Amino acid sequence: MKRSLGFLAILFGRVHSVLILVVILLLAGSGPAFSQACAQDQTAADFNQGTTGTNISIVPLGDGAVSLMPLIYEQFTGSVVPTGWQSFAWSSGGTSTVSGGVVSVTGARLNSVPSSVNYNQGTSMEFIATLGAEAYQNIGFGAGTDATDDNGIYKGTNPFATFSTWNTTNTLYARVYDGSSIENVSITGLTNPIGGTFTFRIDWLADGSFQFYVDGELKHTSTYTITDAMRPAISDYTNNATALLVDRIILTPYPSPGIYESRIFDATQLIQWQEVIWNSDIPTGTSLEIYVRGGNTSTPDGTWTSFTLVPSSGTNLGMESRYIQYQAIFETTNNIFSPVLEDIAFNCSGEPTTPVITEHPASQMACENTTVVFESHATGFPPPTVHWEVSADGETWDPIDGETSSQLSFTVLTEDNGNQYRAVWTTSGTLTATSDPATLTVNVAPDGELTAANPSIVVGEDFDLVFNSTSGTGPFTLVINETEYSNITSGIQFSAGTVTEISAPVTFYPETQVVESENDIEDNSITELGLRFLSSASGVISAIRVYKVGASTPTFTVTIWERSNLTVPLAETTYTCDTTEGWKTITFPEPVAIEANTEYVASYYSSINYFYAYTLLGGFPRTSGPLSSPGVCYRDPVTPRGTWTEWSANYWLDVVFNSFVDLDLTSITGSNGCTITGDPISTASFEIQSGNLWTGGGVDEDWNTSENWYSGVVPGSSENAVIPEDATHFPSISDEITTESLIIRPSASITIIGGGALTVNGDLTTTGGTFVINSESTSSSGSLIVNGTTTGNVTYNRKMPLDKYRYLSLPVSSTTFPAGNFWRWNEPLGCWGEDPAETETTVSASGIGYTALASDNTLSFVGTVLTELLGVNATAPWYDDDQSYDNDRLANGDGVWGGGGWNLLGNPFPSALDGQMFIIGNSGSLDPNYQAMYIYDGTDYTYIAQGIPGYSDGGTFSGSDVQAGQGFFIMPRYNGVSFDFTSAMRKHNTTAVMTKSASTGDAWPGLQLKVKYGEKESSTLIVYNDQMTAGLDPGYDVGLLSSGADVEIYTLLTGVDNDFSFTRQALPTEGATGIVVPVGIDSKNGGDMTFSAYTVPLGSNKFWLEDRKTGTFTDLTTKSYSVTLPANTFGTGRFFIIASTNTPTGIDRPGTEISGLRIWNFDRKVIIQGEVSEGSLCEIFDVNGRKVTAVRLMGGEMNMVDLPSDTGGILIIKVTDGVKVITRKIANP
């Protein structure tokens, strides 16, 4: 079917001229000459061989026709948006698609381009369209740019005249907006105005007013006038399944007259020209005249006849010639209509001849999804017909259905590669000629995706892009934001320019906007109020602004929703108002990413009745920069929430928006010359953040060199910092630095050297980059604390001591060890490694300690940074904290006893761990007798415990901090308790093994009692405070973890029966002068020893060391005491500490005879102190009741029993002396 170009839209049936001629021949009978249509124009290709004079156009009506030239004639044929039109998305995914001669628009605007071509009064626009049941569908004239912001067509204050659904889903409107006032008139009298297909026309009259027609009937005349230039545009604001469909658009007026001259037809011999027959459409007020001339030379000359008017279609010309040509003259007196010549044919008679091919098809190379045209021509009488054939192998040829034109045109597919095509020409049905074959070579079309190498960048960084091809051959040429980039390799990063500025946040209302609320009562029900909004650019919403009225102090719940999702918010937070009135900016913890052209709702509600801001109408739709809002909505906030109800008011809600920078890929050309285009094909989005960029432009690598930074200023503690990959050199940190967020770009690096410390208060990103923390020695370590989220790995290089097996931990989170051999302490089995054979450990975990042989080497730990580590489980041989250790409370009663509860943990952070905070924070998980962490220095176990004011740190370890990579022992309260490493326990301490920290508060009276043996020194602490007792004070009384050193010194509790040796003891100040503290000395070798003390006075008292064996008292506040001890000196009974003003000779001291036995272990020996009979039996059992050994004692006051080498953990010691039986427990490490 061919459709009229007239606005009456009368559709004429087309009868093919060949069929007409067949009828004529049947009526005329047969004769000696062959008769048929010898010359004809039927298609656009045929007509295009003629000459179009001024005001004439070949239009895509049906398969082609000739008419006066309209301003625009578009039938939307093909499969892509045609030239002269372009689609602009209102919302994400919004598009205009062409299929089956119809364009479907959803979530987008399709308008004519370029924007410089506009139209004025006196223009008419006719279109066949189907409007869907969706608000804000528009088609008609519009002023403005191609943008989708306030400068674009159908946006802001730009005039328009359209047929539209306006804000409804079931009513058709004629709408006119002159830039200040708007007219919306509903169209009545139509069946199915929404969903039905109609021919619409808008006449823009000379005075600027408008007439609206539907199917030729005038429906509305608008007196609103527009004098601005406008363009045709089709728009559907919402992206969903309800599209706006348009079949055809014609823009007039038509000029008049116009002349078309055909090509010269060659019959190849002298023939008799008979009937001329044509199909045409002649609307009222228009005319079409056909003139014909002929001759016997290929070029018209004086021998040709002149053009003669043909009175009507079907006229017999009765003219004899070889060549013939026609002329068509088009005229109109009503310039909104044009006559149309649809096709024309000339009948003739003569003797048939074999076709002579004058043009063979040429082999071609084409890109897939493009159109290829093979062409062939032949002469003969009657004019030969043609059909095309295809072959995949050059031998077997198949006809191509429907291809009977001199041109074979089709869309190339990859499977067409290598096919051959030929034309077969025929006259009189029997005489044929076959063209040479033409070969088609198909090149694969390119395609791919454009991504941002770094989606979040700062000023000074490049827009680094990566193009990943999915088809085609490179290198590629890309067009991005109208700029061409050549020699692009797939997967290889390239730059598209440099960031020079950060766009300012966009809001709908200024801070100075004053609101006059029309609401004078509190809302009588809790209501969620929403602002509908979109952005033409992708970006983030950082906050919601609410205008609060009145002096009440409600708590607002503010939320961002995607309009299509009623139940799951994108973000939500709360805000408690103060008494002031005005704008309240409520910031989300993290910015909320939104997509371009997608509708969202920003909402708020109060859980109590609230006098909210309200203004009727309120000026919607509203725009600001890329933001637009069609209006507000409300609903019940009670879960489950209902649907939004749109309302014509203003609730005075606002959003704070920062846009992304979108780089649109619109063209890809491969090295084979194939190109694809899109609108866009792919988009890479960048968020421009605030921050300082490292350039390395200074003379050194120091972070604190200002010339190394893009801004010329070293980043402050609240500023983001970025280290790019293309810096001259990369930064190192040697002192203490604080920054907000830190990004190490791929291939970039940063180093914290020993003694340097970095705090990142925000997020740390190292993915693809290198972050190294060095420890130059065991006394100089780099330190890192991250308070946000870490993405990517860091490397911590832990310098190890010279020799011996050392206890260490992973300062980063990883499941793999550095190169070397590592063993965990297997407490349940009481061995190193994974089994009694001491198989090394291969899978690492954070918070756990390990042992490894040190050799002045460096261990490189690679992993992520922890901000905290919770729930590190410990094992122990008992289920609860009952200190009787009865067998029915043992956790491991049916297996190997193990390590007696001693667990090896470790600092999991790349910074120091505050030991005292760890102990305080985990006091409930620690054994009351061992409220400490124990660190082995290669010779002795030292400890860290809660600090005692006036004394160095909280123990014998050189400080209260555990360095990164350090392992330590703890004793859990019972099996299965867990230990937490919290973020508050992290601290920077980069010096020595640990830097001694200052104590706080008034010093507690007491003394640090030291015993020196050669170069070795051991100490124990005794302090006094009115909050302490003579019994066990957990956290203040700290048990001794014996290492079997040359000499160990400790005390016993004075107020209770307790088997533990204490390295620190706290006593009450009241009655202190009556307390005699037993001091224990364990020394296998004996020898010369010197006692001394650091003292803090207890009133006027002095601290005296009593040597009961020699009967001497030494004032340790001023003196030291030297003595030679015999070998195998163990336990208490000889030395005591007494607080007294004078020499304490008058104090009642414990007798020299020990009542009962005291049993402990030292250097793999069981020490039994106290009087027993000769031959008394000492039996040693593990907790399973298995007898480890049995020994007869020698009697006297001191006995020692060697333990078997494979014995560890908790042991039960049973001493039988006649009828007296004494049982004790010991922990043998």
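Quick rundown of the values:
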quantity: Within the stretch 29-52, considering residues that are assigned to a loop (DSSP other than H, G, I, E, B) and crowded, with 16+ Cβ neighbours inside 10 Å, the one modelled with the highest pLDDT; calculated: Gly50
quantity: 3 or more residues of a type in the set (Asp, Glu): qualifying strands (runs of 3 or more DSSP E) within the stretch 776-885; calculated: none
quantity: Unique residue being under 30 Å from Asn417 (Cβ atoms) and in contact (Cβ under 8 Å) with a residue 12 or more places away in the chain when the list is Val479, Val506; calculated: Val479
quantity: Matching residues in the stretch 427-437 - criterion: being assigned to a loop (DSSP other than H, G, I, E, B) and at pLDDT 95 or above; calculated: Ser435, Asp436, Pro437
quantity: Qualifying positions in the stretch 97-146 - among the acidic types (Asp, Glu), under 36 Å from the mean Cα position of the chain (by Cα) and closer than 27 Å to Asp207 by Cα; calculated: Asp146
quantity: Options Val466, Val424, Val479; residue that is in a strand (DSSP E or B) and under 30 Å from Glu395 (Cβ atoms); calculated: Val424
quantity: Filtered residue count, the stretch 467-478, keeping only those that are buried (at least 17 other Cβ atoms within 10 Å of the Cβ) and either closer than 23 Å to Gln689 by Cα or modelled with pLDDT of 95 or more (or both); calculated: 5
quantity: From the options Ser564, Ser525, Ser517, Ser552, residue that is within 35 Å of the chain's Cα centre (by Cα) and modelled with pLDDT under 90; calculated: Ser564
quantity: Those residues of the stretch 76-99 which are crowded, with 21+ Cβ neighbours inside 10 Å and outside any strand (DSSP E or B), in sequence order; calculated: Phe76, Trp90, Ser91, Gly94
quantity: Enumeration of residues in the stretch 120-146 that are out of contact with any Gly (no Cβ under 6 Å at 6 or more places or on another chain), within 22 Å of Thr227 (Cβ to Cβ) and surrounded by fewer than 19 Cβ atoms within 10 Å (Cβ to Cβ); calculated: Asn120, Gly122, Asp146
quantity: Pro1126 being assigned by TED's automatic domain parsing to the domain that holds Ile1081 and either at pLDDT 85 or above or charged (D, E, K, R) (or both); calculated: yes
quantity: So Val386, is it in contact (Cβ under 8 Å) with a residue 24 or more places away in the chain, under 25 Å from Asn48 (Cα atoms), outside the structural domain of Phe265 (by TED's automatic domain parsing) and more than 51 Å from the chain's Cα centre (by Cα); calculated: yes
quantity: Test: Tyr807 is under 27 Å from Trp694 (Cα atoms) and among the hydroxyl-bearing types (Ser, Thr, Tyr); calculated: no
quantity: Every pair of residues 6+ apart whose Cβ atoms lie under 6 Å, when the first sits in the stretch 706-721 and is within 18 Å of Thr759 (Cβ to Cβ) while the second is assigned to a strand (DSSP E or B) and of a type in the set (Phe, Trp, Tyr); calculated: none
quantity: Subset of the stretch 593-647 [among the β-branched types (Val, Ile, Thr), surrounded by fewer than 19 Cβ atoms within 10 Å (Cβ to Cβ) and within 22 Å of Thr555 (Cβ to Cβ)]; calculated: Ile608, Val638, Thr639
quantity: Residue, modelled with the highest pLDDT, within the stretch 939-955, restricted to residues that are under 23 Å from Gln1027 (Cα atoms) and either surrounded by fewer than 21 Cβ atoms within 10 Å (Cβ to Cβ) or among the polar types (S, T, N, Q) (or both); calculated: Gln946
quantity: Cβ pairs under 8 Å, 6+ apart, first in the stretch 282-295 and among the aromatic types (Phe, Trp, Tyr), second modelled with pLDDT of 95 or more; calculated: Tyr291/Phe307; Tyr291/Thr308; Tyr291/Leu309; Tyr291/Val310; Tyr291/Tyr326; Tyr291/Gln327; Tyr291/Ala328; Tyr291/Ile329
quantity: Filter result for the condition that a residue is surrounded by 20 or more Cβ atoms within 10 Å (Cβ to Cβ) and under 30 Å from Asn118 (Cα atoms), over Ile202, Ile194, Ile259; calculated: Ile202
quantity: Considering residues of the stretch 438-455 that are in a loop (DSSP other than H, G, I, E, B) and surrounded by fewer than 19 Cβ atoms within 10 Å (Cβ to Cβ) only, the residue nearest to the chain's Cα centre (by Cα); calculated: Pro455
quantity: Elements of type strands (runs of 3 or more DSSP E) contained in the stretch 364-410, each with 1 or more residues being among the aromatic types (Phe, Trp, Tyr) and touching a Phe, Trp or Tyr at 6+ places or on another chain (Cβ under 7 Å); calculated: 371-375, 385-391
quantity: Evaluation of Thr559 against (1) surrounded by 18 or more Cβ atoms within 10 Å (Cβ to Cβ); (2) modelled with pLDDT under 85 (one fails), failing number; calculated: (2)
quantity: Options Ser349, Ser312; residue that is without any contact (Cβ under 8 Å) to a residue 24 or more places away in the chain, more than 30 Å from Glu415 (Cα to Cα) and surrounded by fewer than 22 Cβ atoms within 10 Å (Cβ to Cβ); calculated: Ser312
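Yes or no, residue by residue, for (1) without any contact (Cβ under 8 Å) to a residue 40 or more places away in the chain; (2) buried (at least 18 other Cβ atoms within 10 Å of the Cβ); (3) touching a strand residue (DSSP E or B) at 6+ places or on another chain (Cβ under 9 Å); (4) of a type in the set (A, V, I, L, M, F, W, C):
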residue: Asp150; (1), (2), (3), (4): no, yes, yes, no
residue: Phe163; (1), (2), (3), (4): no, yes, yes, yes
residue: Tyr173; (1), (2), (3), (4): yes, yes, yes, no
residue: Ser222; (1), (2), (3), (4): no, yes, yes, no
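The values are calculated or read from the model by the stated rules, or taken from the named source; none is laboratory data. This one's a predicted model, so the numbers in the text were calculated from it and none came from an experiment. Neighbour counts run over all protein chains shown; Cβ positions are idealised from the backbone, glycine included.
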